Structures are given as C-alpha cells and as structure tokens.
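Novice: The structure that follows is given in the form of structure tokens.
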Amino acid sequence: MKQMLLTFDTEPLPAEPVSKAGALKSLLSRNQRSAQQCRDAAERLQRHIEDKIRSADNMLMQRPTPKRLADSDHIRRQAGNLERLQSALRKLAELHEREEIPAELAGLTTRSAVEQALRNSPSDSAIARIFHDAAPAVSDKAKAIKFIRILQAWAP
C-alpha cells in the first residue's frame, strides 16, 4: 500500500507573537484554574471524611470491645488526616488565587499529588509545613466520644 503525499501551495502561517498582557492573562487563568482544581479536590474529600466519621460512630454503637474501640479510633484518626489534607488543599487554593504559590507547590492540585508529595518530600518541605499547620478542628462530638471511651476503660 502506497502512502499518499500531500503538497500544499501556501506557506504555513507565522505564529502570532504573544503579548505581555496575553501572557499575564494566561498565567492568571492558569492560577485560577489551579485554585479551582484544589477547591474541587477539597470538596470531594468531604464525603470521604463524613463516611469515615460515620463508620467510626457505628462501631461505637455496638458492644464496645477493645478491638472495636481501637478500630474506631484508627478510623477517626484517618478522618482527621483527611481533614488536614482538605485544609492543605484549601490553603494551596488560596496561594494560587493570591499568586503566592511557590514553584515546588504549583503542580499540587489533587489529593493524590499532595499525598505523593508528602510521602516523597522531607519533613521540612513547604507542603509538609502546610499539612502539619492544618490541624483538624476537634468537634464537641469527638470530645464527647473520647470522654465516653475513657469512662468505659475505667468501668468495672
């Protein structure tokens, strides 16, 4: 089978020069898109956080055994880590919007990207500082459950 060779009678069009205003607009829209991606990723985490908390609460509704208490506590810690990840994504979105995002954090717009960066970067990196500064808010319900667990441990 022969390949068809096409010839063109016209010269290719020259590329249009990009003005500084156009480059700025492109950069601004890139920062806005990145900020929106971070916010969307943070919102998607909310369902997972609520599911983890609900699962931990359901474990405590059953007869409290040491294994159930430990499992519930582990699931609740996972929910806390997801809350910190959610806060870190929101902080990254704010940095994108204010155009103060460091180059090493510019590509972190999804949950998996932030998790991978946390695993692979040193503990004093910018993403690690953002993650550790984003302490989850402890609700009254979580405090009450912790208090009940302490009382159950001391009950005869």
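The values are calculated or read from the model by the stated rules, or taken from the named source; none is laboratory data. None of the values given here were measured: they were computed from a predicted structure. Backbone-built Cβ (ideal geometry, glycine too); neighbour counts: all protein chains shown.
Novice: For the stretch 91-103, which residues satisfy the criterion of being in a helix (DSSP H, G or I) and surrounded by 16 or more Cβ atoms within 10 Å (Cβ to Cβ)?
Specialist: Those that are in a helix (DSSP H, G or I) and surrounded by 16 or more Cβ atoms within 10 Å (Cβ to Cβ): 91, 92, 93, 95, 96, 97.
Novice: If residue 49 meets every condition in (1) of a type in the set (Val, Ile, Thr); (2) over 19 Å from residue 34 (Cα atoms); (3) part of a loop (DSSP other than H, G, I, E, B) apart from one, which number is that one?
Specialist: Every condition holds for residue 49 apart from (3).
Novice: If the Cβ limit is 9 Å and pairs must be 6+ apart or interchain, which residue in the stretch 121-138 that is under 13 Å from residue 102 (Cα atoms) pairs with which residue that is at pLDDT 85 or above and in a loop (DSSP other than H, G, I, E, B)?
Specialist: Partner pairs satisfying both residue conditions: 126/102; 127/108; 127/121.
Novice: A further question follows. Given the criterion surrounded by 11 or more Cβ atoms within 10 Å (Cβ to Cβ), modelled with pLDDT of 90 or more and touching a Lys or Arg at 6+ places or on another chain (Cβ under 6 Å), identify the matching residue among 79, 117, 70. Spell out how you get there, then give the answer.
Specialist: Values: 117 fails: touching a Lys or Arg at 6+ places or on another chain (Cβ under 6 Å); 70 fails: touching a Lys or Arg at 6+ places or on another chain (Cβ under 6 Å).
Exactly one residue qualifies, and that residue is 79.
Novice: Looking at this structure, is residue 64 farther than 27 Å from residue 29 by Cα and surrounded by 14 or more Cβ atoms within 10 Å (Cβ to Cβ)?
Specialist: On the way: farther than 27 Å from residue 29 by Cα: yes; surrounded by 14 or more Cβ atoms within 10 Å (Cβ to Cβ): yes.
Yes, satisfied.
Novice: Shifting gears a bit: With 104, 97 as the choices, which residue is at negative phi and in contact (Cβ under 8 Å) with a residue 24 or more places away in the chain? Don't jump to the end; show me each part of the working.
Specialist: Values: 104 fails: in contact (Cβ under 8 Å) with a residue 24 or more places away in the chain.
Within the list 104, 97, the selection yields 97.
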